[in-house]
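Right, one structure below, let's go through it.
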2 protein chains.
Amino acid sequence: MNSQPLLSYINKIVTLTEEEETYFTSKLVYRKYLKGQYILQQGDVSNKICFIVSGCVKMFYVDDLGQEHILMFGVENWWTSDLGSFVSQAPSDFNVQCIEDTELIQVSHNIIEDTYSKIPKLERCFRIIVEKAYVASQKRIVRNFSMSAKDRYLVFNESYPEIEQRIPQYMVASYLGITKEFLSKIKSQIATEK
Amino acid sequence: MNSQPLLSYINKIVTLTEEEETYFTSKLVYRKYLKGQYILQQGDVSNKICFIVSGCVKMFYVDDLGQEHILMFGVENWWTSDLGSFVSQAPSDFNVQCIEDTELIQVSHNIIEDTYSKIPKLERCFRIIVEKAYVASQKRIVRNFSMSAKDRYLVFNESYPEIEQRIPQYMVASYLGITKEFLSKIKSQIATEK
DNA sequence: AAATAATGTTAATCTAGTTTAACATTTATT
DNA sequence: AATAAATGTTAAACTAGATTAACATTATTT
């Protein structure tokens with residue numbers, strides 16, 4: 001298994017010794033999923049968090065009216081999972097499905113506490129990761145509060161130009177919290193402006 | 001200074017020894033603010049996180065059009081601060097202002113790293129706190145995605161019945177992301193239904 | 001007790017974004 | 001190459017929530 005992408009990622013945040021790397025690596029599970037496969041399903045307990053080595057996933061939920069709402073995408077060097085379900089080991093509200101064939105490294109719940117205790121630096125690392133995720137989540141709330149759909153689309157576009165190329169437009173609309181028809185209108189509006 | 005409320009709070013998450021409590025307590029700062037005072041101002045660096053012993057605060061930002069948007073309230077046993085600014089020591093996007101006279105315990109940025117190293121249990125504690133905050137933030141995004149303003153109001157009401165009593169209605173509206181006029185309409189609508 | 005400031009209500013008009021529905025284009029499958 | 005499935009577009013009618021503005025009520029200050 002090639003754990004290198006994950007180790008490089010972690011070493012940007014904390015510095016692990018060789019033994020620590022070896023120990024941690026021995027606990028990891030490598031997996032491949034095909035496009036369309038589910039990594040997590042609404043109602044199941046998320047017993048692992050996944051580091052994406054390659055590919056692309058969407059995390060979404062289906063509301064009472066059967067409508068799909070995308071909360072986040074995941075690409076190379078991102079984490080994916082329902083953290084709420086992972087930490088509480090309660091049934092998840094979300095699905096994670098592959099939009100492309102995806103390779104990932106899984107860190108399972110039953111090793112994480114033990115790993116934190118053995119290698120406190122990893123607990124620090126995950127603290128920092130979650131802090132960043134929280135800050136990003138708050139920023140998204142702020143954008144949804146005071147920006148128009150058009151401006152949210154432009155921000156998404158500037159922030160993640162690579163992602164926009166890789167996913168169908170109706171998923172971008174879902175992520176932005178608007179209908180695909182309205183995004184289509186926004187795009188044609190932007191095109192005319194130029 | 002009375003650090004007991006904070007220590008009880010922490011001991012629900014991790015168990016500190018007496019020496020650890022003493023050490024940590026020695027680093028804390030106790031402060032009182034009056035209603036109306038600012039604990040943090042947009043543009044300033046948030047150099048402390050604050051544990052609320054008593055009182056009530058709002059965290060908000062003012063957008064380009066001069067409109068105030070409330071991101072969260074804080075009451076007894078809650079934390080308040082712009083965590084993004086705190087961890088990165090960059091200027092804050094948010095204000096934190098007291099809605100009531102407020103007593104708090106401050107943990108300053110310059111002691112936090114040192115404290116984490118000396119007492120890894122506290123790093124664990126804060127990891128867990130941030131995890132919960134992140135999960136709550138995601139849930140809020142979900143609600144804003146697929147619930148009407150009326151339903152969001154009802155959820156807020158059920159989740160924080162104590163808070164609703166303590167703050168003016170226009171602030172609830174701001175928190176929900178709607179105008180005070182529309183909240184007024186929602187409330188009269190709810191009243192007629194019964 | 002009067003005056004002022006802060007908070008809350010109502011109603012008319014307006015708009016960003018939804019819904020519905022029909023059609024167009026691109027991609028995948030046989 | 002033909003067909004089906006997935007994705008994207010356009011336009012008309014609609015709705016949740018915003019805006020404006022006038023007024024009502026409740027606190028606070030003098």
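The values are calculated or read from the model by the stated rules, or taken from the named source; none is laboratory data. From a predicted model like this one, the values you see are computed outputs, not experimental measurements. Because the Cβ atoms are built from the backbone with ideal geometry, glycine has one as well, and the counts that use them run over all protein chains shown. These accessible areas exclude ligands, DNA and RNA; they are computed on the full protein's heavy atoms, side chains included. Shrake-Rupley method; radii C 1.70, N 1.55, O 1.52, S 1.80 Å.
Sort out which residues of segment B:44-65 are in a loop (DSSP other than H, G, I, E, B), away from chain A (no Cβ under 11 Å) and over 20 Å from A:Glu131 (Cα atoms), and write them in order of number.
B:Gly55, B:Cys56 - these are the residues of segment B:44-65 that are in a loop (DSSP other than H, G, I, E, B), away from chain A (no Cβ under 11 Å) and over 20 Å from A:Glu131 (Cα atoms).
Given the conditions (1) farther than 15 Å from A:Asn95 by Cβ; (2) under 19 Å from the mean Cα position of the chain (by Cα); (3) open to solvent by 80 Å² or more (accessible area, probe 1.4 Å), which single one is not true for A:Tyr38?
The failed condition is (1).
The conditions are (1) closer than 26 Å to B:Ile163 by Cα; (2) away from chain A (no Cβ under 13 Å); (3) in a loop (DSSP other than H, G, I, E, B); (4) modelled with pLDDT of 95 or more, and B:Asn2 fails exactly one of them. Which is it?
(4)
Conditions tested, residue by residue: (1) under 13 Å from the mean Cα position of the chain (by Cα); (2) surrounded by fewer than 19 Cβ atoms within 10 Å (Cβ to Cβ); (3) of a type outside the set (Val, Ile, Thr).
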{"residue": "A:Asn11", "(1), (2), (3)": "no, yes, yes"}
{"residue": "A:Gln42", "(1), (2), (3)": "no, yes, yes"}
{"residue": "A:Met59", "(1), (2), (3)": "yes, no, yes"}
{"residue": "A:Phe73", "(1), (2), (3)": "yes, no, yes"}
{"residue": "A:Thr80", "(1), (2), (3)": "yes, no, no"}
{"residue": "A:Ser85", "(1), (2), (3)": "no, no, yes"}
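Can you tell me which condition B:Gly43 does not meet? The list is (1) touching a residue at least 24 places away in the same chain (Cβ under 8 Å); (2) of a type outside the set (Val, Ile, Thr); (3) in contact with a helix residue (DSSP H, G or I) (Cβ under 9 Å, 6 or more places away or on another chain), and all the others hold.
Result: B:Gly43 fails condition (3) only.
Tally time: how many residues in segment A:97-114 are open to solvent by less than 10 Å² (accessible area, probe 1.4 Å) and assigned to a helix (DSSP H, G or I)?
Of the residues in segment A:97-114, 1 are open to solvent by less than 10 Å² (accessible area, probe 1.4 Å) and assigned to a helix (DSSP H, G or I).
Within segment B:130-185, count every residue that is within 30 Å of B:Ile10 (Cβ to Cβ), within 15 Å of DNA strand D (Cβ to nearest atom), open to solvent by 30 Å² or more (accessible area, probe 1.4 Å) and among the basic types (Lys, Arg).
2
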